[in-house]
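A.B. asks: My structure is below; once you've seen it, I'll send some questions.
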Amino acid sequence: MKPRHKSVETRYMEERQAFFDDLKKLDRRSFLKVSAAALGITAANGLVAPTSFQPVKLAYGATPEGGEKSFRFAYISDSHLYEKDVNDRFARSLMRAVDDVNRLEPQPDFVFYGGDLAQLGQAAELELGAQILKNLKVPLKIMVGEHDWYLDMGEKWQALFGKPTESWDHKGVHFVKLLSVIEEDFWTARGMKPMERMQTVAGLDNGVQKPFTVGPDQRAWLKKDLEKLADDAPVVVFSHSPLYKIYKNWNFWTDDADEVQAILKRFKNVTVIHGHTHQMLTNRIGNIHFHGLLATAWPWPYAPEGMPELTVQMTRPDPFNPQDGCGDGEVCVYSDGMVDKIHNFWNRNPVTVTRAYMSSRGRQSGPAKPNRPAY
Amino acid sequence: MRKNTRSVLLAALCAACAAVLWATYNYSVAADCDAGIQSVAEVAAGKVGGKGLADAHMDQWKRRNPVRSKDWVAEEKERHKIQPPADNSYLLKGEQGKGHSYGQYTELDILTWSRETEKMVVEGSRIFHSATELGSTVAVSCDMCHPDAANTHPETYPKFQAQMGRVALLRDMINWCIEHPVRGKRFEADDPKMRALEAYIFAQRKGTPLNYGKH
């Protein structure tokens, strides 16, 4: 039966949707006109703001910094799922992220999952993750994290999700996905069972494990894969660990990062997107731009050393506020290979790390400074 | 009834009781040897004697505290970075031992202090990193958010926590975390596990100036 009248909320939501739909059709200049007019109307009506939030990106097409905005993809990362009946909280968080992404309008071209879908690499955990991620409306690209791998050395993960290393082209941008969490064998000599090995790797501050590497095989593969590309080709690389060195004790670190960077050096712009660190993390080495992903499970504290200069830290998470510091996000890719990185914090305002901030080496359009810095 | 008859009957009753008790005790010791473990509750219900009770308690303690490897301290120190306690070897130098009641310090004193203190901190690290020891119902342990006890800032307590409606000590925040993210049962303030957790968290912030009340 059709409702006879629309509630205040329904009308409000409809008006808001129409407002945003219209805005999307505008270029930047007319957007300013419209928003000024809207502000005037709301002020005249004695209202505050038309909505409680502002859209992050509206102007499509050419940008003042040059380069065309090509497309955008969403990201979800680090859900650390246990089995459903062991821990429901982490599963709920991943479901929340999937809902977030499914609500994006227009839908992103694809969703990138940044690794550590499971906590202990168990079949039931990975299957639960696959089951939740199946609800995404757009295609999924997924990367391996160390928590997915070290129980059965990737057997179940590969059965569910395919290759851990691959490359593809999307709308003129070359994407590469690496397995960057390869550790030297520390388990055989100690006679560890698979679960002991997994639990050792799963402890961030566990000193028995070895540093992460990409390894010589993948480096050779990467070199060959990129061979055919021109120096000004846009390249985006996904790696679970940051492809640089922050703090070895927590494996915020890739041991052969220098060698990998040497392969990427010749390109005009390279964007590296990594999981593992569960925080806002930004770095630039030469023309390689690094962005960390937020986790859905829990936020990590910032490492006690090695913090990159460009990183604007996120406000320290509030322990009394469940899921604070967690979230998901979007990445707007430009035709020159640079990105706007949008962190969609669940309990905070979204934060964008813009390409202008990156290309000006932090001089322009920086994200907001934290109002509660780390201790 | 005559007085001496009554005495005889009383004596007989006592003898009977003693015999029953004796038999019960012998039986229970035998039963304990045969059947092995008995729960403390069973023992308390009066089925066995004093030795049985002591054994049952010991047995329960052993079940709750499984045998650790002889090198558990070294093993835990290999797994997790532990800040060492202060070095007190300076006490062995110069005119030490004069003007205080402790007498002469020996190397054994210094060794005992540091070994015992560190052992408590290492025990804290073990609990901090174990969802089982913490009694988590969701397999969550402290280190999942606080690697190397980072971001626990014990130096900022006591401080007023509006969410708790009172001034919180470090142990109140530990218990808050145990009840909420860890979803376990809070520890008493003098629970050995709570004491060990506090010891580990303080130890990891060695060198940080105290700054109580900081938000």
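One line per residue, one yes/no per condition, for (1) touching a residue at least 60 places away in the same chain (Cβ under 8 Å); (2) within 14 Å of chain B (Cβ to nearest Cβ):
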position	(1), (2)
A:K193	no, no
A:G215	no, no
A:Q218	no, no
A:Y244	yes, no
A:W253	no, yes
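A.B. asks: Something else about it: Kindly list, by first and then second residue, each pair from a residue in region B:106-133 that is within 30 Å of B:K93 (Cα to Cα) to a residue that is surrounded by fewer than 16 Cβ atoms within 10 Å (Cβ to Cβ) and modelled with pLDDT of 95 or more, limited to pairs with Cβ atoms under 7 Å and residues at least 6 apart or on different chains.
C.D. replies: Close Cβ pairs (under 7 Å, with a partner that is surrounded by fewer than 16 Cβ atoms within 10 Å (Cβ to Cβ) and modelled with pLDDT of 95 or more) amount to B:E118/B:P84.
A.B. asks: Filter region A:97-133 down to residues that are farther than 22 Å from A:G292 by Cα and among the β-branched types (V, I, T), then give me how many there are.
C.D. replies: 1
A.B. asks: Here's a follow-up. If I filter region B:156-164 for residues that are closer than 19 Å to B:V122 by Cα, open to solvent by 30 Å² or more (accessible area, probe 1.4 Å), out of contact with any strand residue (DSSP E or B) (no Cβ under 9 Å at 6 or more places or on another chain) and more than 8 Å from chain A (Cβ to nearest Cβ), do I get at least one hit?
C.D. replies: Our first condition is that a residue be closer than 19 Å to B:V122 by Cα; within region B:156-164, this holds for none.
No, region B:156-164 contains no residue that is closer than 19 Å to B:V122 by Cα, open to solvent by 30 Å² or more (accessible area, probe 1.4 Å), out of contact with any strand residue (DSSP E or B) (no Cβ under 9 Å at 6 or more places or on another chain) and more than 8 Å from chain A (Cβ to nearest Cβ).
A.B. asks: Residue check, A:Q323 against (1) within 14 Å of chain B (Cβ to nearest Cβ); (2) at negative phi; (3) touching a residue at least 12 places away in the same chain (Cβ under 8 Å), all met but one. Which one?
C.D. replies: (2)
A.B. asks: Of A:D169, A:D185, A:D205, which residue is surrounded by fewer than 22 Cβ atoms within 10 Å (Cβ to Cβ) and within 14 Å of chain B (Cβ to nearest Cβ)?
C.D. replies: Numbers: A:D169 fails: within 14 Å of chain B (Cβ to nearest Cβ); A:D185 fails: within 14 Å of chain B (Cβ to nearest Cβ).
Every option except A:D205 fails the conditions.
A.B. asks: Does B:V182 fit the bill of being among the β-branched types (V, I, T) and closer than 21 Å to A:Q323 by Cα?
C.D. replies: Yes: the conditions hold for B:V182.
A.B. asks: Anything in region B:169-191 that is open to solvent by 40 Å² or more (accessible area, probe 1.4 Å), more than 14 Å from chain A (Cβ to nearest Cβ) and either under 19 Å from A:P319 (Cβ atoms) or in contact (Cβ under 8 Å) with a residue 24 or more places away in the chain (or both)? List them, or say none.
C.D. replies: Within region B:169-191, B:L169, B:R171, B:K185, B:R186 qualify.
A.B. asks: For B:V138, work out the one condition from (1) open to solvent by 20 Å² or more (accessible area, probe 1.4 Å); (2) part of a loop (DSSP other than H, G, I, E, B); (3) at the interface with chain A (Cβ under 8 Å from one of its Cβ atoms); (4) not small (G, A, S) it doesn't fulfil.
C.D. replies: Result: B:V138 passes all but (1).
A.B. asks: Scan region B:202-209 and tell me whether some residue there is modelled with pLDDT of 95 or more, in contact with a Pro (Cβ under 6 Å, 6 or more places away or on another chain), more than 9 Å from every other protein chain (Cβ to nearest Cβ) and open to solvent by 70 Å² or more (accessible area, probe 1.4 Å).
C.D. replies: Yes, there is a match, as at least one residue in region B:202-209 is modelled with pLDDT of 95 or more, in contact with a Pro (Cβ under 6 Å, 6 or more places away or on another chain), more than 9 Å from every other protein chain (Cβ to nearest Cβ) and open to solvent by 70 Å² or more (accessible area, probe 1.4 Å).
A.B. asks: Mind checking which residues of region A:305-353 are under 16 Å from the mean Cα position of the chain (by Cα), hydroxyl-bearing (S, T, Y) and in a loop (DSSP other than H, G, I, E, B)?
C.D. replies: The one that is under 16 Å from the mean Cα position of the chain (by Cα), hydroxyl-bearing (S, T, Y) and in a loop (DSSP other than H, G, I, E, B): A:T311.
A.B. asks: Okay, moving on. Applying the selection to region A:71-84, what residues are within 14 Å of chain B (Cβ to nearest Cβ) and either open to solvent by 30 Å² or more (accessible area, probe 1.4 Å) or of a type in the set (D, E, K, R) (or both)?
C.D. replies: Step one: list which residues in region A:71-84 are within 14 Å of chain B (Cβ to nearest Cβ), which gives A:78-84.
Answer for region A:71-84, where residues must be within 14 Å of chain B (Cβ to nearest Cβ) and either open to solvent by 30 Å² or more (accessible area, probe 1.4 Å) or of a type in the set (D, E, K, R) (or both): A:D78, A:E83, A:K84.
A.B. asks: With the requirement that a residue be crowded, with 20+ Cβ neighbours inside 10 Å and not in a loop (DSSP other than H, G, I, E, B), what does region A:232-249 give you? Walk me through how you get there before you give the answer.
C.D. replies: The first filter runs over region A:232-249 and keeps only residues crowded, with 20+ Cβ neighbours inside 10 Å, leaving A:234-244, A:246.
Selection gives A:V235, A:V236, A:V237, A:F238, A:S239.
A.B. asks: Inside region B:92-105, can you point out the residues that are in contact with a Gly (Cβ under 9 Å, 6 or more places away or on another chain), surrounded by 12 or more Cβ atoms within 10 Å (Cβ to Cβ) and at negative phi?
C.D. replies: Residue satisfying the conditions is B:Y105 alone.
A.B. asks: I'd like the residue in region B:64-81 that is touching a residue at least 24 places away in the same chain (Cβ under 8 Å), within 14 Å of chain A (Cβ to nearest Cβ) and within 20 Å of the chain's Cα centre (by Cα) and, out of all such residues, is surrounded by the fewest Cβ atoms within 10 Å (Cβ to Cβ).
C.D. replies: The extreme case among them is B:K77.
A.B. asks: Specify the residue that is nearest to B:V182 (Cα to Cα); the eligible residues are those in region A:85-100 that are open to solvent by 60 Å² or more (accessible area, probe 1.4 Å) and more than 11 Å from chain B (Cβ to nearest Cβ).
C.D. replies: Step one: list which residues in region A:85-100 are open to solvent by 60 Å² or more (accessible area, probe 1.4 Å), which gives A:85, A:89, A:92, A:95-96, A:99.
Checking the rest, the ones that are also more than 11 Å from chain B (Cβ to nearest Cβ) come to A:92, A:95-96, A:99.
Values: A:R92: 16, A:M95: 20, A:R96: 20, A:D99: 25 Å.
Once the filter is applied, the top-ranked residue is A:R92.
A.B. asks: Kindly indicate whether B:D59 is modelled with pLDDT under 65 and surrounded by 13 or more Cβ atoms within 10 Å (Cβ to Cβ).
C.D. replies: No: the conditions fail for B:D59.
The values are calculated or read from the model by the stated rules, or taken from the named source; none is laboratory data. Computed from a predicted structure; not experimentally measured. Here the Cβ is made from the backbone with ideal geometry for all residues, glycine too, and neighbour counts use every protein chain on show. What goes into the accessible areas is simple: the full protein's heavy atoms, side chains included, and nothing from ligands, DNA or RNA. Shrake-Rupley method; radii C 1.70, N 1.55, O 1.52, S 1.80 Å.
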